[in-house]
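A short worksheet on the structure shown next.
The values are calculated or read from the model by the stated rules, or taken from the named source; none is laboratory data. Nothing here was measured: the structure is a model prediction, and the numbers come from that model. Here the Cβ positions follow ideal geometry from the backbone for every residue, glycine too, while neighbour counts run over all protein chains shown. All accessible areas refer to the heavy atoms of the entire protein, side chains included, with ligands and DNA or RNA removed. Shrake-Rupley method; radii C 1.70, N 1.55, O 1.52, S 1.80 Å.
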Amino acid sequence: MSVASRPPRPRALFVAALLLLTLALAGAIALQAYRNFLGHKATAERVLHDYARLAAARFANRTEMNFYYENFSPAMDALMRAKAGEPDVSLPAPSRLPATTEPHAADFRKLARYTFRYNLRNGHLETAGTVPSLTVRKWLRDTLPPHRRTVYDPKEHLGAIVRTVDGLSRAIIYTVVNDNAGAPRTIVGLEEDARGLEPLYTADEDRAALWPRPLTGGVAYDSLGSVIVTEADGRELYRSPTQYAPTFSARDSFEHPMMGAMRVQVALRPDLAPKLVIGGMPRSNVPMLLSLLALTAGLVVAALLQLRREYELSRLRADFVSGVSHELRTPLAQIRMFSETLLLGRVRSDEERERSLEIIDQEARRLTHLVENLLHFSRSERRLTQLSPAPAPLPPLVSEAAEGFAPLAAARGVTLCSELTDGVVAPVDADALHQMLLNLLDNAVKYGPPGQTVPLGLTVADGRARVSVDDEGPGIPAADRERIWDRFWRLERDRGSAVAGTGIGLSVVRELVGLHGGRTWVEDAPASERGDRAGSRFVIELPLVPLAQAASGPGSVRADAGATA
Ligand code: ADP
């Protein structure tokens, strides 16, 4: 008979590949989701930077207007009305300039330090009011002509320079007076304390908010951001009372250079910034993605493990079928051979006839034993095993099993020697105990050497009956002492070896012992512990009282309890 075919490994590999592909797919989806998140985040940040840019531009524009209408333009009007540009009119000091009709947030008359008149033809600089230092006068002479040429806007009749000179922040506002031929003749203007212009940064806050009303809902606009205004060279002129981190910030400068080329930086209030983005700032999905990925990986690993178990199980089943066929074939062949010998009258003596009948009997027993095992196994697979334990003296039951097995043992020259404690009574199912002992004895003979002695023991320990079967075989490695009790499991060295087996004998033993509320384990045979020879001892431990009684007392044993070594 051929060995049963192996389970379809390529299919298992295919499923494993599918699972790994699923994992890779989940990884790719997670990566894509993360990229999307980064894209959304970048877009939201761009939107916020755009809002900051918009606010900076609006702030610059609003402040320019305020400067122009509230301060620069009234100051130039007053100078013109006082005819300060005429060489034959004496230059009026700021306090003598005519007051403007409207009250202004930053009144130029209060802020002005001095007025000046600069003759473009001869470079003569005249001042009235607080006398500027020599440094300032030189700076004016050096700065005014090129500024007039390059920056001054003749259409607006206005130029402004905001700069810190000689330690003071100065706003120079001037206009150019032409001669009759229309050629520039005189620069006339005044210097103000640039810091005094501060009220103009916040004037008109309500009318010209930094962000259009529909964008911001009911929020007080300027509280959405903070502002810093600097001179062209970066010196600070103004900062709003509250300042926010420049996470979302933008810069701009006053549009008209003639307005003093000041610069402004606006930073969005970080906690309000997300409200400006429709749907809020995208939240990082990394933790969620990582946990989903970990979950998928966990599931895939679990599925792969399960697949491996399934594969292993189907391989073991295949070995089982092969083992059963093998175990059936040998005794059947023996029975056929010796029965034919008898039938054909080929025996030469009575002794030979006896011997042939003995062999037929042995092999029939072996077959019965195997079939019994298969029936037990199949019943336990379908959860149909039923036992009827009844208190019985154990020594006669153990002896009976040993005697029944003796012919099979003798066939391999094995001596069974029993050492049984008298009077041990325990609730057992006699057939089940018989089957268990036969299985252990069969293994001892099968895996031990021919001619060995197999001691069979019965003792009482810790209030339980212990039946043990020793052998002189190779023993069971410590790592396998639990697995050998699993269905179909055979030690590596025995798989495919000449020793036929099905891998169900010990699982039947453990199941039956469990149903008695007992335990099973394997240990080194005492002889091997002494170093004399190798060998194992298989132990069955059974409670001395019926299960129901034991369950009500302390130290009860579960009916389905497994055993541990
Ligand atoms: P099998 O039909 O293969 O003997 P069992 O369930 O009875 O199935 O045993 C499971 C495996 O445990 C065996 O295949 C063998 O590898 C190992 N085994 C069982 N009994 C012994 C023993 N007495 N000595 C060495 N190995 C044993």
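Testing VAL513 on (1) at pLDDT below 60; (2) farther than 27 Å from PRO450 by Cβ; (3) within 14 Å of the ligand (Cβ to nearest atom); (4) open to solvent by less than 50 Å² (accessible area, probe 1.4 Å), one condition comes back false. Which one is that?
The number of the failed condition is (1).
Filter the range 457-474 down to the residues that are open to solvent by less than 10 Å² (accessible area, probe 1.4 Å) and within 13 Å of the ligand (Cβ to nearest atom) and list them by number.
VAL469, GLY473
Do we have any residue at all in the range 436-450 that's at positive phi, open to solvent by 10 Å² or more (accessible area, probe 1.4 Å) and touching a residue at least 12 places away in the same chain (Cβ under 8 Å)?
no
What are the residue pairs meeting all of these: first residue in the range 468-489, first residue within 15 Å of GLY501 (Cβ to Cβ) and touching a residue at least 12 places away in the same chain (Cβ under 8 Å), second residue more than 8 Å from the ligand (Cβ to nearest atom) and open to solvent by 70 Å² or more (accessible area, probe 1.4 Å), Cβ atoms under 7 Å, and 6 or more apart or on different chains?
PHE488/ARG317; TRP489/ARG483
Looking at this structure, is ARG336 open to solvent by 50 Å² or more (accessible area, probe 1.4 Å), within 16 Å of the ligand (Cβ to nearest atom) and either more than 60 Å from the chain's Cα centre (by Cα) or over 30 Å from ALA465 (Cβ atoms) (or both)?
no
Could you list, in sequence order, the residues of the range 114-127 that are more than 12 Å from GLY189 (Cβ to Cβ) and open to solvent by less than 50 Å² (accessible area, probe 1.4 Å)?
Scanning the range 114-127 gives ASN119, LEU120, GLY123.
For the range 372-385, what are the residues that are out of contact with any Leu (no Cβ under 9 Å at 6 or more places or on another chain) and either surrounded by fewer than 11 Cβ atoms within 10 Å (Cβ to Cβ) or free of Cβ contacts under 8 Å to residues at least 40 places away in the same chain (or both)?
If the condition is that a residue be out of contact with any Leu (no Cβ under 9 Å at 6 or more places or on another chain) and either surrounded by fewer than 11 Cβ atoms within 10 Å (Cβ to Cβ) or free of Cβ contacts under 8 Å to residues at least 40 places away in the same chain (or both), then LEU375, ARG379, GLU381, ARG382, ARG383, LEU384 are the ones that fit.
Within the range 275-289, is even one residue among the charged types (D, E, K, R), over 29 Å from the mean Cα position of the chain (by Cα) and not in a helix (DSSP H, G or I)?
No, that holds for no residue.
Given (1) surrounded by 14 or more Cβ atoms within 10 Å (Cβ to Cβ); (2) closer than 15 Å to LEU408 by Cβ, where does THR368 come up short, assuming only one miss?
Failing condition for THR368: (1).
Being in a strand (DSSP E or B) and over 19 Å from ASP142 (Cβ atoms) is the filter; apply it to the range 176-194 and report the residue that is least open to solvent (accessible area, probe 1.4 Å).
Applying the filter and picking the extreme gives GLU192.
Among all residue pairs at least 6 apart or on different chains, which show Cβ distances below 6 Å where the first residue, located in the range 316-335, is at pLDDT below 85 and the second is among the hydroxyl-bearing types (Ser, Thr, Tyr)?
PHE320/THR502; GLY323/THR502
Given the criterion in contact with a Phe, Trp or Tyr (Cβ under 8 Å, 6 or more places away or on another chain), more than 10 Å from the ligand (Cβ to nearest atom) and over 14 Å from PHE538 (Cα atoms), identify the matching residue among LEU438, LEU416, LEU420, LEU394.
On inspection, the qualifying residue turns out to be LEU416.
Go through the range 306-333 and report how many residues are touching a helix residue (DSSP H, G or I) at 6+ places or on another chain (Cβ under 9 Å), open to solvent by 50 Å² or more (accessible area, probe 1.4 Å) and more than 16 Å from the ligand (Cβ to nearest atom).
4
Would you list the strands (runs of 3 or more DSSP E) that sit entirely within the range 356-445 and hold 1 or more residues that are touching a Ser or Thr at 6+ places or on another chain (Cβ under 7 Å)?
415-420
If I go through the range 311-342 residue by residue, how many of them are within 17 Å of ALA500 (Cβ to Cβ) and among the hydrophobic types (A, V, I, L, M, F, W, C)?
So the count comes out to 9.
Kindly indicate whether ARG251 is at negative phi, open to solvent by 80 Å² or more (accessible area, probe 1.4 Å) and assigned to a strand (DSSP E or B).
Yes.
Considering only the range 204-214, I want to know if a residue exists there that is surrounded by 15 or more Cβ atoms within 10 Å (Cβ to Cβ) and not in a loop (DSSP other than H, G, I, E, B).
no
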